[in-house]
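The structure's right below; bear with me while I get my questions together.
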Amino acid sequence: EADIYQTPRYLVIGTGKKITLECSQTMGHDKMYWYQQDPGMELHLIHYSYGVNSTEKGDLSSESTVSRIRTEHFPLTLESARPSHTSQYLCASSESLGKIYEQYFGPGTRLTVT
Amino acid sequence: QQQVKQSPQSLIVQKGGISIINCAYENTAFDYFPWYQQFPGKGPALLIAIRPDVSEKKEGRFTISFNKSAKQFSLHIMDSQPGDSATYFCAAGFGNQFYFGTGTSLTVIP
(Lines give C-alpha, C1' and ligand atoms only; values in the text may rest on other atoms or scores of the structure.)
Protein backbone atom coordinates (compact mmCIF):
# COMPACT_ATOMS: atom_id res chain seq x y z
CA GLU A 1 0.00 0.00 0.00
CA ALA A 2 1.25 3.46 -0.94
CA ASP A 3 2.45 5.81 1.78
CA ILE A 4 0.54 8.89 0.81
CA TYR A 5 -1.78 10.59 3.23
CA GLN A 6 -4.50 13.17 2.97
CA THR A 7 -6.24 15.13 5.70
CA PRO A 8 -8.96 15.79 6.40
CA ARG A 9 -10.81 12.89 4.80
CA TYR A 10 -14.13 14.74 4.93
CA LEU A 11 -14.79 18.46 5.29
CA VAL A 12 -18.02 20.44 5.35
CA ILE A 13 -17.48 24.17 5.36
CA GLY A 14 -19.42 27.36 4.72
CA THR A 15 -19.05 29.65 1.74
CA GLY A 16 -16.25 32.17 1.98
CA LYS A 17 -14.05 30.20 4.36
CA LYS A 18 -10.37 29.60 3.68
CA ILE A 19 -9.36 25.94 3.67
CA THR A 20 -6.18 23.95 3.22
CA LEU A 21 -6.18 20.32 2.16
CA GLU A 22 -3.09 18.48 3.32
CA CYS A 23 -1.14 15.87 1.37
CA SER A 24 2.02 14.10 2.51
CA GLN A 25 4.03 11.21 1.11
CA THR A 26 6.89 9.28 2.67
CA MET A 27 8.24 7.68 -0.51
CA GLY A 28 10.62 10.52 -1.41
CA HIS A 29 8.86 11.09 -4.72
CA ASP A 30 9.77 14.28 -6.56
CA LYS A 31 6.52 14.56 -8.48
CA MET A 32 3.19 15.30 -6.85
CA TYR A 33 -0.26 16.00 -8.23
CA TRP A 34 -3.72 17.20 -7.26
CA TYR A 35 -6.76 15.86 -9.09
CA GLN A 36 -10.42 16.71 -8.83
CA GLN A 37 -12.86 13.83 -9.09
CA ASP A 38 -16.60 14.11 -9.58
CA PRO A 39 -19.03 11.17 -9.97
CA GLY A 40 -19.15 9.83 -13.52
CA MET A 41 -16.39 12.15 -14.64
CA GLU A 42 -12.74 11.64 -15.41
CA LEU A 43 -10.09 12.71 -12.95
CA HIS A 44 -9.00 16.23 -13.79
CA LEU A 45 -5.47 17.41 -13.07
CA ILE A 46 -5.59 20.78 -11.30
CA HIS A 47 -1.99 21.20 -10.06
CA TYR A 48 1.33 19.38 -10.23
CA SER A 49 4.86 19.78 -8.97
CA TYR A 50 8.18 18.38 -10.20
CA GLY A 51 9.99 19.12 -6.98
CA VAL A 52 10.59 21.66 -4.24
CA ASN A 53 9.60 25.20 -5.26
CA SER A 54 8.12 23.91 -8.53
CA THR A 55 4.36 24.16 -9.12
CA GLU A 56 2.27 24.23 -12.29
CA LYS A 57 -1.42 24.48 -13.10
CA GLY A 58 -3.05 21.50 -14.74
CA ASP A 59 -5.62 21.29 -17.49
CA LEU A 60 -8.61 22.07 -15.31
CA SER A 61 -8.94 25.69 -14.31
CA SER A 62 -8.97 25.98 -10.56
CA GLU A 63 -9.19 28.80 -8.07
CA SER A 64 -6.99 26.87 -5.67
CA THR A 65 -3.29 27.38 -5.07
CA VAL A 66 -0.54 24.97 -4.03
CA SER A 67 2.92 25.15 -2.53
CA ARG A 68 5.87 22.77 -2.40
CA ILE A 69 8.29 23.85 0.29
CA ARG A 70 9.24 20.31 1.30
CA THR A 71 9.52 17.22 -0.90
CA GLU A 72 7.03 15.26 1.18
CA HIS A 73 4.35 17.94 1.53
CA PHE A 74 2.02 19.40 -1.13
CA PRO A 75 -0.90 21.33 0.40
CA LEU A 76 -3.77 22.78 -1.61
CA THR A 77 -5.46 25.99 -0.47
CA LEU A 78 -8.77 27.58 -1.34
CA GLU A 79 -8.81 31.22 -0.22
CA SER A 80 -12.59 31.55 -0.35
CA ALA A 81 -14.61 28.36 -0.69
CA ARG A 82 -17.72 28.30 -2.88
CA PRO A 83 -20.38 25.62 -3.46
CA SER A 84 -18.86 25.02 -6.92
CA HIS A 85 -15.73 23.73 -5.13
CA THR A 86 -17.70 20.80 -3.73
CA SER A 87 -15.86 17.72 -5.00
CA GLN A 88 -13.45 14.93 -4.16
CA TYR A 89 -9.80 15.99 -4.20
CA LEU A 90 -7.14 13.35 -4.79
CA CYS A 91 -3.42 13.79 -4.21
CA ALA A 92 -0.88 11.57 -5.98
CA SER A 93 2.87 11.19 -6.28
CA SER A 94 5.30 9.46 -8.62
CA GLU A 95 9.01 8.87 -9.09
CA SER A 96 11.20 10.82 -11.49
CA LEU A 97 13.41 7.94 -12.55
CA GLY A 98 13.47 7.23 -16.28
CA LYS A 99 10.09 6.37 -17.69
CA ILE A 100 8.50 5.09 -14.50
CA TYR A 101 5.14 6.80 -14.56
CA GLU A 102 3.19 4.97 -11.87
CA GLN A 103 1.21 7.37 -9.74
CA TYR A 104 0.31 6.51 -6.16
CA PHE A 105 -2.92 8.05 -4.91
CA GLY A 106 -3.99 9.11 -1.47
CA PRO A 107 -7.47 8.25 -0.13
CA GLY A 108 -8.90 11.62 -1.07
CA THR A 109 -10.63 14.50 0.69
CA ARG A 110 -14.36 14.84 0.21
CA LEU A 111 -15.13 18.57 0.35
CA THR A 112 -18.63 19.98 0.70
CA VAL A 113 -19.15 23.73 0.64
CA THR A 114 -22.55 24.88 1.89
CA GLN B 1 -12.18 17.62 -25.45
CA GLN B 2 -12.00 14.26 -23.78
CA GLN B 3 -8.62 12.67 -24.48
CA VAL B 4 -9.62 9.17 -23.39
CA LYS B 5 -13.06 7.69 -23.95
CA GLN B 6 -14.12 4.79 -21.75
CA SER B 7 -17.05 2.40 -22.01
CA PRO B 8 -19.29 1.07 -20.64
CA GLN B 9 -20.19 3.41 -17.79
CA SER B 10 -21.42 0.48 -15.72
CA LEU B 11 -21.16 -3.27 -16.00
CA ILE B 12 -22.84 -6.15 -14.19
CA VAL B 13 -21.24 -9.57 -14.47
CA GLN B 14 -21.99 -12.92 -12.90
CA LYS B 15 -19.35 -14.47 -10.68
CA GLY B 16 -16.95 -16.47 -12.83
CA GLY B 17 -17.71 -14.45 -15.94
CA ILE B 18 -15.44 -12.20 -18.00
CA SER B 19 -15.57 -8.42 -17.50
CA ILE B 20 -14.44 -6.30 -20.43
CA ILE B 21 -13.89 -2.55 -20.32
CA ASN B 22 -12.82 -0.58 -23.36
CA CYS B 23 -10.93 2.66 -23.89
CA ALA B 24 -9.97 4.69 -26.93
CA TYR B 25 -7.52 7.55 -27.32
CA GLU B 26 -6.50 10.02 -30.01
CA ASN B 27 -3.03 11.28 -29.19
CA THR B 28 -0.42 9.00 -30.77
CA ALA B 29 2.24 10.51 -28.50
CA PHE B 30 0.83 8.64 -25.52
CA ASP B 31 3.23 5.92 -24.44
CA TYR B 32 1.82 4.59 -21.18
CA PHE B 33 -1.61 3.09 -20.62
CA PRO B 34 -2.49 2.19 -17.05
CA TRP B 35 -5.66 0.85 -15.50
CA TYR B 36 -6.64 1.90 -12.01
CA GLN B 37 -9.02 0.23 -9.58
CA GLN B 38 -10.89 2.30 -7.03
CA PHE B 39 -12.94 1.08 -4.11
CA PRO B 40 -15.42 3.37 -2.32
CA GLY B 41 -13.66 5.71 0.08
CA LYS B 42 -10.23 4.92 -1.36
CA GLY B 43 -7.99 6.52 -3.91
CA PRO B 44 -7.34 4.80 -7.25
CA ALA B 45 -4.67 2.09 -7.17
CA LEU B 46 -2.65 0.96 -10.16
CA LEU B 47 -3.89 -2.42 -11.36
CA ILE B 48 -1.93 -3.09 -14.53
CA ALA B 49 -0.27 -1.00 -17.22
CA ILE B 50 1.04 -1.46 -20.75
CA ARG B 51 3.33 0.34 -23.17
CA PRO B 52 2.56 0.51 -26.91
CA ASP B 53 5.37 -1.83 -27.93
CA VAL B 54 3.37 -4.90 -26.83
CA SER B 55 -0.14 -6.01 -27.75
CA GLU B 56 -1.05 -7.80 -24.56
CA LYS B 57 -0.05 -7.94 -20.92
CA LYS B 58 -1.38 -10.39 -18.39
CA GLU B 59 -1.15 -10.31 -14.61
CA GLY B 60 -3.12 -13.01 -12.89
CA ARG B 61 -6.78 -12.68 -13.87
CA PHE B 62 -6.25 -9.23 -15.39
CA THR B 63 -5.22 -8.74 -19.03
CA ILE B 64 -4.72 -5.59 -21.09
CA SER B 65 -5.21 -5.91 -24.83
CA PHE B 66 -3.69 -3.08 -26.85
CA ASN B 67 -4.43 -2.22 -30.48
CA LYS B 68 -2.04 0.52 -31.56
CA SER B 69 -3.45 0.97 -35.07
CA ALA B 70 -6.99 1.35 -33.76
CA LYS B 71 -5.83 3.44 -30.79
CA GLN B 72 -7.81 1.27 -28.44
CA PHE B 73 -7.04 -0.76 -25.35
CA SER B 74 -9.15 -2.87 -23.09
CA LEU B 75 -9.11 -4.53 -19.69
CA HIS B 76 -10.28 -8.11 -19.37
CA ILE B 77 -11.01 -9.57 -15.95
CA MET B 78 -11.23 -13.35 -16.13
CA ASP B 79 -13.18 -15.39 -13.59
CA SER B 80 -14.67 -12.20 -12.12
CA GLN B 81 -15.21 -12.27 -8.36
CA PRO B 82 -17.46 -10.20 -6.07
CA GLY B 83 -14.29 -8.68 -4.61
CA ASP B 84 -13.58 -7.20 -8.05
CA SER B 85 -16.63 -4.93 -7.66
CA ALA B 86 -15.13 -1.45 -7.93
CA THR B 87 -14.74 1.46 -10.32
CA TYR B 88 -12.11 1.02 -13.00
CA PHE B 89 -10.37 3.90 -14.75
CA CYS B 90 -8.23 3.70 -17.83
CA ALA B 91 -5.66 6.39 -18.48
CA ALA B 92 -3.25 7.38 -21.20
CA GLY B 93 -0.37 9.78 -21.30
CA PHE B 94 3.33 10.41 -21.34
CA GLY B 95 5.77 12.06 -18.98
CA ASN B 96 3.72 13.73 -16.29
CA GLN B 97 0.59 14.39 -18.32
CA PHE B 98 -2.10 11.77 -17.87
CA TYR B 99 -5.67 11.77 -19.05
CA PHE B 100 -8.23 9.54 -17.42
CA GLY B 101 -11.39 7.93 -18.70
CA THR B 102 -14.71 8.56 -16.96
CA GLY B 103 -14.65 5.25 -15.11
CA THR B 104 -16.62 2.01 -15.24
CA SER B 105 -18.55 0.82 -12.23
CA LEU B 106 -18.24 -2.97 -12.14
CA THR B 107 -20.59 -5.10 -10.07
CA VAL B 108 -19.95 -8.83 -9.85
CA ILE B 109 -23.01 -10.73 -8.72
CA PRO B 110 -22.36 -13.83 -6.57
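The values are calculated or read from the model by the stated rules, or taken from the named source; none is laboratory data. Owing to the predicted nature of the structure, the values given are computational and were not obtained by experimental measurement. All Cβ positions, even for glycine, are placed from backbone atoms using ideal geometry, and neighbour counts span all protein chains on display. Side chains included, ligands, DNA and RNA excluded: accessible areas come from the protein's heavy atoms. Shrake-Rupley method; radii C 1.70, N 1.55, O 1.52, S 1.80 Å.
Nearest 5 percent is fine: what portion of the DSSP beta bridges confined to the stretch A:4-113 is antiparallel?
Counting only bridges with both partners in the stretch A:4-113, antiparallel ones make up about 90 percent.
Moving to a separate point now. Per residue and in cubic angstrom, what volume does the convex hull of the Cα atoms of the protein assembly as shown have?
121 Å³
Let me ask something else about it. Have a look at A:GLU56, A:GLU102, A:GLU72 and tell me which one the Gaussian network model of chain A (Cα, springs below 10 Å) gives the largest fluctuation.
Highest fluctuation of the listed residues: A:GLU102.
Quick one: accessible area per residue over the stretch A:4-113, 1.4 Å probe, rounded to a whole number of Å²?
Heavy-atom accessible area per residue stands at 46 Å².
When the scattering of the stretch A:48-107 is computed by the Debye formula from its Cα atoms alone, each counted once and equally, what is log10 I(q)/I(0) at q = 0.25 Å⁻¹?
Here log10 of I(q) over I(0) equals -1.28.
If I model a spin label at B:ALA29 and B:LYS71 as a point 7 Å from the Cα along the Cα→Cβ vector, what separation in nanometres do I get?
1.3 nm
Additional query: Between B:ALA86, B:ALA29, B:ALA45, find the one with the highest GNM mean-square fluctuation for chain B; connect C-alpha pairs within less than 10 Å.
Residue with maximal mean-square fluctuation among B:ALA86, B:ALA29, B:ALA45: B:ALA29.
Find, among the GluC sites (Glu not before Pro) in the stretch B:21-110, those assigned to loop by DSSP (not H, G, I, E, B) with at most 15 other beta-carbon atoms within 10 angstrom.
B:GLU26
Another one. Per q in 0.10, 0.14, 0.15 1/Å, what log10 I(q)/I(0) does a Debye calculation on the alpha-carbon atoms of chain A return?
Reported log10 I(q)/I(0), two decimals: -0.26, -0.52, -0.59.
Follow-up question, since we're still on this one. Give me the number: length gained by fully extending B:LYS42 to B:MET78, i.e. 0.36 nm times residue separation minus the C-alpha to C-alpha distance, one decimal in nm.
Result for the pair: 10.6 nm of gain on full extension.
What FRET efficiency comes out for the pair A:VAL12/B:ASP53, r = Cβ-Cβ distance, R0 = 35 Å, nearest 0.05?
Computed FRET efficiency for A:VAL12 and B:ASP53: 0.15.
Further question on the same structure: Whole-Hz Karplus ³J(HN,Hα) for the stretch B:59-72, in order, using 6.51 cos²θ - 1.76 cosθ + 1.60 and θ = phi - 60°, x for Gly and Pro?
Taking θ as phi minus 60°, the curve returns 9, x, 8, 9, 9, 9, 10, 10, 10, 5, 5, 8, 6, 9 Hz for the stretch B:59-72.
Also, I was wondering about something else. For the stretch B:4-104, which whole-number percentage of the solvent-accessible area (1.4 Å probe, protein heavy atoms only) is attributable to carbon and sulfur atoms?
On the stretch B:4-104, the fraction of accessible area on carbon and sulfur atoms equals 51 percent.
Hey, another quick one. Can you run phi through the Karplus equation (6.51, -1.76, 1.60; θ = phi - 60°) for the stretch A:78-84 and list ³J(HN,Hα) in whole Hz, with x for Gly and Pro?
Rounded to whole hertz, the list is 10, 5, 8, 5, 10, x, 5.
Residues of the stretch B:72-98 with the amide nitrogen closer than 13 Å to a label point 7 Å from the Cα of B:SER105, along Cα-to-Cβ, please.
B:86-88, by backbone N distance to the label point.
Taking a cut-off of 17 Å between Cα atoms, list the lysines near B:LYS5, but don't count ones fewer than 8 places away on the same chain.
B:LYS68, B:LYS71
Same structure, new question: So how strong a dipole does the stretch B:4-104 carry about its Cα centre when Lys and Arg Cβ are +1 and Asp and Glu Cβ are -1, to the nearest 20 debye?
Dipole size: approximately 80 debye.
Explain nothing, just compute: Karplus ³J(HN,Hα) = 6.51 cos²θ - 1.76 cosθ + 1.60, θ = phi - 60°, for every residue of the stretch B:34-49 in order, whole Hz, x for Gly and Pro.
x, 10, 10, 10, 10, 9, x, x, 10, x, x, 10, 4, 9, 6, 9
Place a point 7 Å from the Cα of A:ASP3 along the Cα-to-Cβ direction; which residues of the stretch A:11-47 have their backbone N under 11 Å from it?
A:25-29
Oh, and also: Which residues, if any, in the stretch B:68-110 have at least 20 Å² less accessible area in the whole protein complex than in the isolated chain, probe 1.4 Å?
Listed in order, they are B:PHE89, B:GLY95, B:ASN96, B:GLN97, B:PHE98, B:TYR99, B:PHE100, B:THR102.
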